[in-house]
Amino acid sequence: MKPSAFDYSRPESLDEALGLLAEAGPDAKVLAGGQSLLPLLSMRLIAPARLVDVNRLSELAYVRSGPDAVWVGALARHAAVLRDAGARDRQPLLAEALAVIAHPSIRNRGTSVGSLVHADPSAELPAVLCLLEGSVTLASTAGRRTVPADRFFTGPLESDVQPGELAIEASFPARPARSGSAFAEVSRRHGDYAVCGVAVLVELDEDLRITAARAGYLSVSATPLVLDLTAAISGRAYDADLSEAAAFARAAVDPEPDIHASAEYRRQLVGVLTGRALRLAAQRAAGNSGEAAA
Ligand SMILES: Cc1cc2nc3c(=O)[nH]c(=O)nc-3n(C[C@H](O)[C@H](O)[C@H](O)COP(=O)(O)OP(=O)(O)OC[C@H]3O[C@@H](n4cnc5c(N)ncnc54)[C@H](O)[C@@H]3O)c2cc1C
């Protein structure tokens, strides 16, 4: 099917883009990598009057990293973030999750910020942003605002981006000292959206005992779900039996069935994947235990 007719603009600057978005209001859609927007247009699931193509705003095609965070601009493609050595060093979980998003051709075109705005509950990056307690910065002709991850995802395919706003940057907090992370997911075919996925972050003390453990889930709820697993395993050695945390997670989720999986299968995957990612994250944290604070 072909999209309905729309006006098309390709601004040369951020100010011009924000002006066009302000003028069109709710009738406009931003076009970034087009990897989610174009299928929706082609299937006529949406019919915006105007597309504002931001692909000439090359000043937003950056990945920056520092002691506190990795900052990803709106035009940074998944592949560019994945390749960035600084980002990998400061926040390895980001690269681990990006590597399982779709296929290389989609990662070469799709943007990481576009994925966050699209807010698919089966997408990897929203769960990672929520687990890490990151944020998204939005710009409009009225100014800028930064929205924390736990308020950014408002429903399935719904984020807190208002008419007239452009998401210009996502901020992923850097890995804390003596911490480790891991990502695990199951999809029916390589490159498909996951039936269930989990990102885990574990922190240790100087004696390699667990002080904090959190997990962020995709494909188990309408918006990314974050569970604090600390109470189940706090004080245990990094290589102790951590299965109580996986059992806690399994009992805490309430997934919906769909054409890809039953609720019970998803719940089972939550337990298995949590256990697997938790053990790996704890081992990695122990391996990082000699480092100075980042
Ligand atoms: C076959 C296929 C498989 C895929 N598999 C996966 C997968 O396994 N995991 C996964 O996470 N993703 C997957 N994707 C989606 C992919 O990651 C997209 O890159 C991502 O969803 C959207 O990024 P985009 O830049 O292409 O955004 P677009 O498609 O251009 O836009 C998506 C939405 O976000 C809005 N938007 C985009 N950027 C901005 C911005 N800066 N400010 C305001 N609004 C904005 C658009 O208006 C639109 O509503 C898949 C896509 C395809 C086609």
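The values are calculated or read from the model by the stated rules, or taken from the named source; none is laboratory data. Keep in mind the model is a prediction, meaning the values are calculated, not measured. Note that each Cβ is placed from the backbone with ideal geometry, even for glycine, and that neighbours are counted across all protein chains shown. What goes into the accessible areas is simple: the full protein's heavy atoms, side chains included, and nothing from ligands, DNA or RNA. Shrake-Rupley method; radii C 1.70, N 1.55, O 1.52, S 1.80 Å.
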| message | Treating only the Cβ of Lys, Arg, Asp and Glu as charged (+1, +1, -1, -1), what charge dipole size does the stretch 165-294 show about its Cα centre? Round to the nearest 20 debye. | response | 340 debye
| request: Find the relative contact order for the chain and round it to a whole percent, using C-alpha pairs within less than 8 Å whose residues are 6+ positions apart. | output: 16 percent
| Which value in nm describes the separation of the simple spin-label points at residue 222 and residue 6, placed 7 Å from the Cα toward the beta carbon? | 2.5 nm
| task | For the stretch 112-211, count the residues as N, evaluate 2.2 N^0.38 Å, and divide the Cα radius of gyration by that value, please. | result | 1.24
| query | For the charge dipole of the chain, defined by +1 on Lys and Arg C-beta atoms and -1 on Asp and Glu C-beta atoms about the Cα centroid, which residue among 102, 62, 86 has the Cα displaced farthest towards the positive pole? | reply | 102
| note | Share of accessible surface on carbon and sulfur in the stretch 171-294, whole %, 1.4 Å probe and ligands ignored, is 49 percent
| said: Before I look further, what does the chain give for accessible area per residue, probe 1.4 Å, in whole square angstrom? | reply: 45 Å²
| field | Estimated FRET transfer efficiency (residue 247, residue 133; beta-carbon r; R0 30 Å; 0.05) | value | 0.75
| message | How long are the semi-axes of the equivalent ellipsoid of the stretch 41-81, taking √(5λ) for every eigenvalue λ of the Cα gyration tensor, in whole Å from largest down? | response | 29, 12, 9
| Convex hull per residue volume in Å³, alpha carbons only, for the chain | 121 Å³
